[in-house]
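This report concerns only the one structure given below.
The values are calculated or read from the model by the stated rules, or taken from the named source; none is laboratory data. Since we're looking at a predicted model, the values are computed, not measured. Here the Cβ is made from the backbone with ideal geometry for all residues, glycine too, and neighbour counts use every protein chain on show. The accessibility values were calculated without ligands, DNA or RNA, using every heavy atom of the protein model including side chains. Shrake-Rupley method; radii C 1.70, N 1.55, O 1.52, S 1.80 Å.
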Amino acid sequence: MANKSTVVKKKAPALPKKVNMGCYEYEVSEHSDEDMKTKIDVDTEGEVVWGAINDCTQEIYINKEATPQMKRLTLLHEIVHAITFNNDIGSITKSDDMENTVDRLASGIYEVMKRNPDVVKWVMEG
């Protein structure tokens with residue numbers, strides 16, 4: 001009697017629905033490329049939009065057609081945008097030194113990781 005071998009495909013974990021940063025809670029959702037272009041009001045003819053963020057409404061949009069690994073990378077990318085917004089990094093002047101920038105980013109990333117273990121777990125599973 002021959003042994004049957006079964007390949008079990010692991011289902012990719014669901015995209016986290018929220019990310020907490022500072023006093024904000026960003027909602028995370030998946031959208032088509034065209035829907036995201038409309039939401040962020042940009043015309044990127046011929047280019048795919050993998051993700052976007054709206055700091056005013058605390059929303060992060062991820063392209064639903066992206067691979068699981070690309071979704072992880074895109075979510076992290078949008079989280080860094082939120083960190084720069086929430087910590088005023090976008091307004092850094094040339095007089096600010098690199099260490100100050102790195103400290104701000106490291107602090108923001110640590111806070112996101114500490115307050116969102118489900119997001120960290122999801123990102124690390126890829």
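Tell me, what is the FRET efficiency for Glu45 and Leu76 to the nearest 0.05, using R0 = 30 angstrom and their Cβ-Cβ distance as r?
Details: r = 27 Å, r/R0 = 0.88.
With a Förster radius of 30 Å, E is 0.70.
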Residue-count net charge about Thr57 - beta-carbon cut-off 14 Å; Lys, Arg +1, Asp, Glu -1: -4
Net charge dipole size for the range 16-66 [Lys, Arg +1 and Asp, Glu -1 on Cβ; Debye, nearest 20]: 300 debye
Solvent accessible area, Å² - Tyr110, 1.4 Å probe, full protein context: 140 Å²
Anisotropy class of the range 31-75 from Cα gyration tensor, a/c 1.5 cut: oblate
